[in-house]
Amino acid sequence: MRSFEEVVARTRRSVVRITSGQGSGAGTVLGEGGFILTNAHVAAVGPLAAEAADGAVHPASLFALDRGRDLALLAAPHLKAPPLSLAPRGSGRPGQLMIAVGHPSGGAIAASTGIIVGADQDGCLPVPQQRLLSSDLRLAPGFSGGPMVDAEGRVLALSTLIWSGVAAGIPADSVRRFLTEVAAEVLDDPVRPHDADSRPRGRAG
Amino acid sequence: MPGEELAELSAALEAAVARAGASTVLIDARRRYGASGIVWGPGTLITAAHVIEHSERIAVRFADGRSQRAELAGMDAGADVAVLRVEADSLTVPSFAAPPDVGALALTLGRPSAEGISASLGIVSAVGGPWRTRLGVPVSGYLRTDARMLPGFSGGPLVSARGEVFGMNTSLLARDGGFTIPHAALQPLVESLLAHGRVRRAFLGVATQPIAIAQAGAPAGIAQEHGLLVTSVDTGGPAARAGLLLGDVLLALGDTELEDTDELLGSLGAERIEVELPLRVLRAGTLRDLRITPGERD
């Protein structure tokens, strides 16, 4: 892709606004069939709905929740939106361009760009449970759950928190592990919603 | 970047971080998180003086993961520069960039922990100098950037989009955001620290303030608009020995016209110590040419 506009124009079609019983955030459409990835702290309280880029609002259900990783997978079967793909394994090196798309303060779509600062900086980020990808782009509340994509529009991370002005996201590799675990549990027990719950965590955004 | 793929820019920035990151080291010499340093030459590193809290026990970690003790060759708190010596022989000396213009892409780099290199992107937002640090020390130039100065970035480099070093970042010298001392301004400081363990500076033994020449009763034919009014003269100092009096207006030291105090301080480098110079002054409306021999500041 040639420009930031092009990356944002493509990405925004795959970003939804999530409203929950306690507020709103963003969601990232992954895979066919209306699956939406977002933060657990965005989607923990129902009822849930996903508003697509075309303005259509669809009810969504919680398909899987992992509070430890701060990830949630929602299902909105009637949502028609092109899915994003995850960046290849091992992506996310310092200096790479990163573009975040979200719905700050629950409003219109917005984007911000910067570079990857680094992975898991001591002294920069409070990351007791997992490695986070930090960036110098500007996040605001409402970006949470939206994608942080690379220059080719592939998901490097899921916008999650702001710490001392540094934006941080859950890296694609963590998302991949989460989805793999969810898929394994679905195969074991395809009926029940899946709650891989662990400790609740404080979150900004 | 019309006509170019965004992915190429991303890859170029990543390569710049990797390239300059090879010359960016972790400096562990304070109680809290680490700070950063730059390979300056064979066996020589530079960092910010304020991150050296315990100079007897300085550990350095290189990009390749090796760690070793470093010896403090010298530091200058006023300019916030310290020079370290290490025994490692295979250090990656960075390329140094030509002075940038405002608007050039710039990356701040840091190695605040063993986790690896960190970087932030912005542009060069100001180029200036000479100036005086807020500790009163003259430095020949500065750069400012809107790239972030993250915790532990002090002492690390500001680099171009090609990974060439513009200068050393420090968070101490400015109250808001990053401040960068260009490598050309660092050069004399580093040389002095390596040779003497400190930055040698000359002094005249006067206090001055700028004054408009027109108010000082200047004779016709002086193009200079401002001079430096002498407001005190140290007893027995170089200025007193040269016969300077309270109320004299300094116009030029050597061939440097003196219109503000930064120009006077900037002209008192180590090369002026104990070297007799012409000093042009205005005294009671009359030009006088004196001779003065600057001393060495303690």
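The values are calculated or read from the model by the stated rules, or taken from the named source; none is laboratory data. Owing to the predicted nature of the structure, the values given are computational and were not obtained by experimental measurement. Cβ coordinates were reconstructed from backbone atoms using ideal geometry, including for glycine residues, and neighbour counts include every protein chain displayed.
In region B:104-141, how many are hydroxyl-bearing (Ser, Thr, Tyr), in contact with an Asp or Glu (Cβ under 8 Å, 6 or more places away or on another chain) and under 13 Å from B:Ile181 (Cα atoms)? Matching residues across region B:104-141 total 1.
Checking the stated criteria, B:Ala114 turns out to be within 12 Å of chain A (Cβ to nearest Cβ), of a type outside the set (D, E, K, R), surrounded by fewer than 21 Cβ atoms within 10 Å (Cβ to Cβ) and touching a residue at least 24 places away in the same chain (Cβ under 8 Å). Candidates are the residues of region B:57-109 that are touching a residue at least 12 places away in the same chain (Cβ under 8 Å) and of a type in the set (Ser, Thr, Tyr); the one that is surrounded by the most Cβ atoms within 10 Å (Cβ to Cβ) is B:Thr108. One residue stands out among those in region B:20-31 that are buried (at least 21 other Cβ atoms within 10 Å of the Cβ) and either at the interface with chain A (Cβ under 9 Å from one of its Cβ atoms) or in contact (Cβ under 8 Å) with a residue 60 or more places away in the chain (or both): the one that is farthest from B:Leu109 (Cα to Cα), which is B:Ile27. Restricting the first member to region B:5-19 and to residues that are at the interface with chain A (Cβ under 7 Å from one of its Cβ atoms), and the second to residues that are surrounded by 21 or more Cβ atoms within 10 Å (Cβ to Cβ) and in a helix (DSSP H, G or I), no beta-carbon pair is closer than 6 Å while six or more apart or on different chains.
Condition check for A:Pro59 on (1) part of a loop (DSSP other than H, G, I, E, B); (2) surrounded by fewer than 20 Cβ atoms within 10 Å (Cβ to Cβ); (3) without any contact (Cβ under 8 Å) to a residue 24 or more places away in the chain: one failure, at (1). Please tell me if A:Val16 is away from every other protein chain (no Cβ under 14 Å), within 18 Å of A:His78 (Cβ to Cβ), out of contact with any Pro (no Cβ under 7 Å at 6 or more places or on another chain) and surrounded by 22 or more Cβ atoms within 10 Å (Cβ to Cβ). The answer is yes for A:Val16.
Among B:Gly197, B:Gly163, B:Gly155, B:Gly178, which is the only one that is under 19 Å from B:Ala49 (Cβ atoms) and modelled with pLDDT of 95 or more?
Answer to the check: B:Gly155.
Residues of region B:88-106 that are within 22 Å of B:Val190 (Cβ to Cβ), of a type in the set (A, V, I, L, M, F, W, C) and at pLDDT 85 or above: B:Leu91, B:Val93, B:Phe96, B:Ala97, B:Ala98, B:Ala106.
Every listed requirement among (1) under 16 Å from B:Ala184 (Cα atoms); (2) in a strand (DSSP E or B) is met by B:Asp101 save one, (2).
When you scan region B:141-163, how many residues do you find that are touching a residue at least 60 places away in the same chain (Cβ under 8 Å) and among the aromatic types (Phe, Trp, Tyr)? Here the count works out to 1. For region B:241-267, the set of residues classified as part of a helix (DSSP H, G or I) and within 15 Å of B:Asp289 (Cα to Cα) consists of B:Arg241 only.
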